[in-house]
Amino acid sequence: MEKILIVDDEQKIREIIKKYAEFEGYRTDEAADGMDAVNKARKNSYDVIIMDIMMPDLDGFSAVKEIRKTKNTPVIMLSARGEEYDRIHGFEVGADDYVVKPFSPKELMMRVGALIKRSKAGGGDEHEILKFGGLTVDFTGRFVYVDGVAAEMTPKEYDLLFYLVRNRGIALSRERLITEVWGYDFFGDDRTLDSHIKLLRKSLGEYSRYVVTLRGLGYRFDGQADQ
């Protein structure tokens, strides 16, 4: 049975999430602040961590940063603020998803389920390395090299780039990218995708030109692999 760590300084929020999580068949553990979350994440194994941002002692961003030093557990950030800066910063420190309060507990559980499913299905990439000039995409080793230097990317940046590259030359709608990369039904908020595209382009440097925006539709990877 999968186990979830629920981190929020508001007991009522923890109770709501716990109720829905246990209804879905998940075991739960709780933490009321970031420091407690870090300690529990180090000592225990969780399938997903739901992490609030604004908390005493240690905020959610800092807690995820610390957890990422030793664990690669999928993380969903919770925040009352939906500004793009907060979303991007959350993804930069290693979060996999971002949900703005007030949120639908049912939707949150769908996202939890999708993260668990994708994390368990990991490692299925082909033994394949593709090069696009100075950009190297190593599916097997899960590396991306920009002019020979390994790019520092978040887990979702890798997932997004790999999906774009595998479907290069194909116009991909925002809905399709959200569904295939994040693994849950599209809920009408594409800011998560756009924020990751910005991060990805920053990581790719001059090779960000391969990631083309299709106005009113989505994105396409326009790169011809070297022979």
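Quick check: net charge around residue 222, other residues with Cβ under 9 Å of its Cβ, Lys/Arg +1 and Asp/Glu -1? Spell out each step's value before the answer.
Working: positive: 168, 209, 220; negative: none.
Neighbourhood net charge equals +3.
Order by neighbour count: 9, 97, 222, fewest other Cβ atoms within 10 Å first, most last.
Numbers: 9 17, 97 24, 222 13.
Ordered from fewest to most neighbouring Cβ atoms within 10 Å, 9, 97, 222 come out as 222, 9, 97.
Take the stretch 3-120, compute every pairwise Cα distance, and split them into 5 Å bins from 0; I just need the percent in each bin.
Per 5 Å bin, starting at zero, the Cα-Cα P(r) for the stretch 3-120 comes out as 2, 13, 26, 27, 22, 9, 1 percent.
What nm value, rounded to one decimal, do you get for the distance between residue 89 and residue 59 when each label is placed 7 Å out toward the C-beta?
0.4 nm
Grab the stretch 16-95 and count how many Lys pairs have their alpha-carbon atoms under 25 Å apart, sequence gap of 8 or more, or different chains.
Pairs that pass both the separation and distance tests number 12.
Using only the Cα atoms of the stretch 89-170, build the gyration tensor, take square roots of its eigenvalues as a ≥ b ≥ c, and label the shape rounded, prolate or oblate: rounded if a/c is under 1.5, else prolate if a/b is larger than b/c, else oblate.
prolate
With a cut-off of at most 13 other beta carbons within 10 Å, and DSSP calling the residue loop, which GluC sites (Glu not before Pro) in the stretch 74-113 qualify? Please list them. Please report the intermediate quantities before stating the final value.
On the way: sites: 83, 84, 92, 107; in loops: 83.
In loop regions of the stretch 74-113 (DSSP not H, G, I, E or B), the sparsely surrounded GluC sites (Glu not before Pro) are 83.
Give me the Kirkwood hydrodynamic radius of the stretch 129-221 in Å, from all C-alpha pairs, to one decimal place? Please list the in-between numbers first.
Values: mean 1/r = 0.0749 Å⁻¹.
Taking every pair of different Cα atoms in the stretch 129-221, averaging 1/r and inverting gives 13.3 Å.
Summing +1 for each Lys or Arg and -1 for each Asp or Glu, what net charge is found among the other residues whose Cβ lies under 11 Å from the Cβ of residue 156? Please report the intermediate quantities before stating the final value.
Values: positive: 118; negative: 92, 96, 97, 157, 159.
Within the 11 Å Cβ shell, the charges total -4.
Within the chain, what's the longest run with no trypsin sites (Lys or Arg not before Pro) in a DSSP loop and at most 11 other beta-carbon atoms within 10 Å? Give the range, please. Walk me through the intermediate numbers first.
Details: sites that count: 69, 81, 215.
With trypsin sites (Lys or Arg not before Pro) excluded where exposed in loops, the chain gives 82-214 as its longest stretch.
So for the pair residue 145, residue 131, with labels modelled 7 Å out along Cα→Cβ, what separation do we get in nm?
Once both label points are built, they end up 0.8 nm from each other.
Based solely on its DSSP helices, what 222 nm [θ] is calculated for the chain when runs of n ≥ 4 H residues each add -39,500 (n - 2.57) and the sum is averaged over all residues, nearest 500 deg cm²/dmol?
Values: 8 runs with 86 residues, N = 227.
Calculated from helices alone, the mean residue ellipticity at 222 nm is -11500 deg cm²/dmol.
Less than 27 Å apart at the alpha-carbon level, and either on another chain or at least 8 residues along: which lysines does that give for residue 131?
Partners within reach: 156, 198, 202.
Identify the residues of the stretch 144-168 with backbone N under 12 Å of a label point that sits 7 angstrom from the Cα of residue 206 along the Cα-to-Cβ direction, or state none.
So the set is 147-148.
Please compute the modelled spin-label separation between residue 171 and residue 16, points set 7 Å along Cα→Cβ, answer in nm with one decimal.
4.0 nm
Residues of the stretch 14-45 with the amide nitrogen closer than 11 Å to a label point 7 Å from the Cα of residue 101, along Cα-to-Cβ, please.
So the set is 14.
Along the stretch 50-65, what does the Karplus equation 6.51 cos²θ - 1.76 cosθ + 1.60 (θ = phi - 60°) give for ³J(HN,Hα), rounded to whole Hz, x for Gly and Pro?
My calculation for the stretch 50-65 gives 9, 10, 6, 8, 7, 9, x, 6, 8, 6, x, 4, 5, 5, 5, 4 Hz in order.
Using only the alpha-carbon atoms of the chain, report the extent along each of the three principal axes, biggest first, to the nearest angstrom.
56, 35, 32
Tell me whether the stretch 24-85 comes out rounded, prolate or oblate; compute the Cα gyration tensor, take square roots of the eigenvalues as a ≥ b ≥ c, and use a/c under 1.5 as the rounded threshold.
Working: a/c = 1.58, a/b = 1.30, b/c = 1.22.
Verdict is prolate for the stretch 24-85.
Suppose every K and R has +1 on its Cβ and every D and E has -1 on its Cβ; what is the size of the dipole of the chain about the Cα centre, in Debye to the nearest 20?
Details: 35 positive and 40 negative charges, 68 e Å.
Charge dipole, the chain, about its Cα centre: 320 debye, nearest 20.
No value in this document is a laboratory result; all are computed from the given coordinates. This is a predicted model, so every value here is computed, not measured. Methodologically, a virtual Cβ is constructed for each residue, glycine included, from the backbone with ideal geometry; neighbour enumeration extends over all protein chains shown.
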